[in-house]
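These notes concern the structure reproduced below.
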Number of protein chains: 2
Amino acid sequence: MKFKIKHRLDGTLARTGEIITPHGTIETPAFIVGGTKATVKALTPEQVEEVGGQAILANTYHLLLQPGPDIVYQAGGLAKFMHWDKPTFTDSGGFQVFSLGMAYKKGIDMVSHTTKGDASQAKASKTQLAKVTDKGVVFKSHLNGAMIEMTPENSMEIQHQIGADIHMAFDELAAPLADYDYLKQALERTHAWAVRCLNRHRELNQKHQANGETEQSLYAVVQGARHKELREASAKFLGAMDFDGFGIGGVFEPGEIPSVLQWTNSLLPDDKPRHLLGMGAQPLDLFLGIEFGIDTFDCVAPTRQARNGSIYTYEGRINIKNSVYKSDYSPIDKECTCYACLNYSKAYINHLFKADEILAATLSSIHNEYFVISTVDRIRHSIADGSYFELKNSFLERYYNNSDTDLHKLANL
Amino acid sequence: MKFKIKHRLDGTLARTGEIITPHGTIETPAFIVGGTKATVKALTPEQVEEVGGQAILANTYHLLLQPGPDIVYQAGGLAKFMHWDKPTFTDSGGFQVFSLGMAYKKGIDMVSHTTKGDASQAKASKTQLAKVTDKGVVFKSHLNGAMIEMTPENSMEIQHQIGADIHMAFDELAAPLADYDYLKQALERTHAWAVRCLNRHRELNQKHQANGETEQSLYAVVQGARHKELREASAKFLGAMDFDGFGIGGVFEPGEIPSVLQWTNSLLPDDKPRHLLGMGAQPLDLFLGIEFGIDTFDCVAPTRQARNGSIYTYEGRINIKNSVYKSDYSPIDKECTCYACLNYSKAYINHLFKADEILAATLSSIHNEYFVISTVDRIRHSIADGSYFELKNSFLERYYNNSDTDLHKLANL
């Protein structure tokens, strides 16, 4: 894997570039499409390509449980298994070991984007459903209740079997409201695990080389919650090691993006790519993330929200199931050039949702993915041609439409 | 609408031809794809086109309840509403008024393809959920319990609003095991309704003409259950009237296709197309239907069975969810050239079903529709080049693989 920087935006951490993988090049900043179980929900790979998707991120935890990494390996690896001849990522499974353990059926999003409610219960519930030791984590499968052990070493082995181009080191997700001492301890464990991940990863890459197979790449995952000292310590410790890039993990509010990323990205090696894990579907996340040095994002929200009828437009989000759209024969967004907007009316998509038809999920997912991906593409071009702040102000002003003054403050509008 | 016959098969009622509609030409025999609620389940119109679909049949009953015919009309008619720029059919809603009334949630197929069980209860249940008079039918919506009246006149009005190219007259579906006297009475009502349908249809077409709109076409529906006298009487009565074509309705077993169609089709006008309603997903149905004079079929079974993991192969049906396919990296059928078979393994599709992913339904539906449509296409070519019986014997021998001697007898193998 190689990373080249092409443009920078003065006075910010933003840059454009290219991540070159064995399965092709990703123009950055880029939105990586969520393909949790080796499929982007409700879309064919051709449809993902048509909405501008450059790469897909699948989930090690889910693929470990179903179909099992040996099946993906025997099928020729993730890309071939799912008929996606472009770059792929896997996350380490660490996030799901914790979030599905404690928040299963309540949605990962409730954990990753809130400071209230279930997330604060993480430590308590974790003791029931997952047990963390320095060796690794033992947890219950949410599918069949079987006890499964995941360690830095076997996370690497599983990811190498799945065979994505870019892997994530196995880390501990600490609850955002856990006390400082616990967070520090969890961070030290994450760092020790990163060392073990890198060692095992190198051994496995040597095996690939010996077998004439393609070598795979590994990102470390920077943690440290909302604490400046911890984030800085993590960026320094992991940044000094020979990882191919860095994931930014942990649970924090969109409003914390600027501070967390400033602490982290100003210390990480400038010449390696940075991935914001599981965040970045809302326009504000995207603009702030990129402005503060993020090269790639992943988030399942665009397809998940699409399946609930929650649709992005340049004027903000709408729920297409609302009865006002029953007889609205205009497209979701008149300015949008996605397949759904070019060929279907709101009335039709409203009907598909009311009739509980699968095509509702497909058309809505196409639109939402296109909206997010094309927004990141526009930001990338605006960095290259110097029009970034103009785009940011006009886009966010219109999207949030004075409806949320906090967001306005955040975005410095 | 025009119909041209191109080839005939000596000693049978089979023919090839063309149905020319305002939205394009259908090469017959043809399998018309089921699009009950103005969408082919789990497929985009482009995917329907890619599997060779020439036309789609939507359902008047379902569209009456959701979104309502006024919405479809305001959207520019069925084809434009659903982004399908090719021929469309609607059935009259008659079948669903009865079958959803008595068999809702048990599957229409249980009614239409069995002589046992629920179908025999039709008359009893019907009195609860639907009331038939000479004027029409009053029935309860299965969606919200509202009482709805459907008459020959308003069935025509609804179908003209929906605006498919080809409509079906409103008929009474009698239970297959109803007594002869009831069947005769139902048939007389169906004939009286056909006259009223045709009158109202002509008036509505005159309005279209006056408004510069496209005229629409109407098929009568021949009934008469399993009784030679009734089928012949129906074919003669309806065949003498000025319909554009004929649907063959009613509930009978695949084994009764030869006799029912022989009675009916040998008496219907030779120069008008004949559509076998709601039947024709199994290879035997297709071969026998065409051999006994059917020009078009429709059936939702290919997509419904696909969603259950029941997949057609040239060696018979398989259930892709079976664990033997978990590590089978070959395509569903090595000879098949559909999108699913060219790009995915059984192992992947098995995984998608186990993981409850929407793409499972899409890939399986693509394959099953392609299987049925391409089989009908092959039969059409075999009539043109004289190789029909050769194809029939080799195809059915292999598909049923000596597994069902009754089918062998039926197919004269």
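The values are calculated or read from the model by the stated rules, or taken from the named source; none is laboratory data. Bear in mind that the values here come from a model prediction, so they are computed numbers and not experimental data. For neighbour counting, all protein chains shown are included, and Cβ atoms are generated from backbone atoms with ideal geometry for every residue, glycine included.
Being within 12 Å of chain B (Cβ to nearest Cβ), part of a loop (DSSP other than H, G, I, E, B) and in contact (Cβ under 8 Å) with a residue 40 or more places away in the chain is the filter here, so list the residues in region A:329-344 that pass it.
Taking region A:329-344 first, the residues within 12 Å of chain B (Cβ to nearest Cβ) are A:329-331, A:339-344.
Within this subset, residues satisfying the condition of being part of a loop (DSSP other than H, G, I, E, B) are A:329-331, A:344.
Passing the criteria: none in range.
The criterion of at least 2 residues that are in contact with a Gly (Cβ under 7 Å, 6 or more places away or on another chain) and within 18 Å of residue A:271 (Cβ to Cβ) is met by the following strands (runs of 3 or more DSSP E) wholly inside region A:1-90: A:2-8. Residue count for region A:313-328 under the criterion of being crowded, with 18+ Cβ neighbours inside 10 Å, hydroxyl-bearing (Ser, Thr, Tyr) and away from chain B (no Cβ under 12 Å): the result is 1.
Say whether the condition of being among the polar types (S, T, N, Q), touching a residue at least 12 places away in the same chain (Cβ under 8 Å), surrounded by fewer than 18 Cβ atoms within 10 Å (Cβ to Cβ) and within 14 Å of chain B (Cβ to nearest Cβ) is met by at least one residue in region A:298-306. No, the conditions are met nowhere in region A:298-306.
Would it be correct to say that residue A:408 is more than 10 Å from every other protein chain (Cβ to nearest Cβ) and at pLDDT 95 or above? Outline the logic, then answer.
Details: more than 10 Å from every other protein chain (Cβ to nearest Cβ): yes; at pLDDT 95 or above: no.
Against the criterion (more than 10 Å from every other protein chain (Cβ to nearest Cβ) and at pLDDT 95 or above), residue A:408 does not qualify.
Kindly establish whether residue A:158 is of a type in the set (Val, Ile, Thr) and surrounded by fewer than 24 Cβ atoms within 10 Å (Cβ to Cβ). When the stated conditions are applied, residue A:158 does not pass them. Filtering region B:347-364 to residues that are surrounded by 24 or more Cβ atoms within 10 Å (Cβ to Cβ) and either among the basic types (Lys, Arg) or at the interface with chain A (Cβ under 9 Å from one of its Cβ atoms) (or both) leaves B:348, B:350, B:351, B:352, B:359, B:360, B:362, B:363. Residues that are modelled with pLDDT under 85 and not aliphatic (A, V, I, L, M) number at least 2 in the following strands (runs of 3 or more DSSP E) confined to region B:119-205: B:137-140.
Residue count for region B:1-44 satisfying the condition of being surrounded by fewer than 22 Cβ atoms within 10 Å (Cβ to Cβ) and aromatic (Phe, Trp, Tyr): 1. Taken together, B:47, B:74 contain a single residue that is over 17 Å from residue B:296 (Cβ atoms) and at the interface with chain A (Cβ under 7 Å from one of its Cβ atoms), which is B:74.
All conditions but one from (1) crowded, with 23+ Cβ neighbours inside 10 Å; (2) closer than 23 Å to residue B:19 by Cβ apply to residue B:272; the one that does not is (1).
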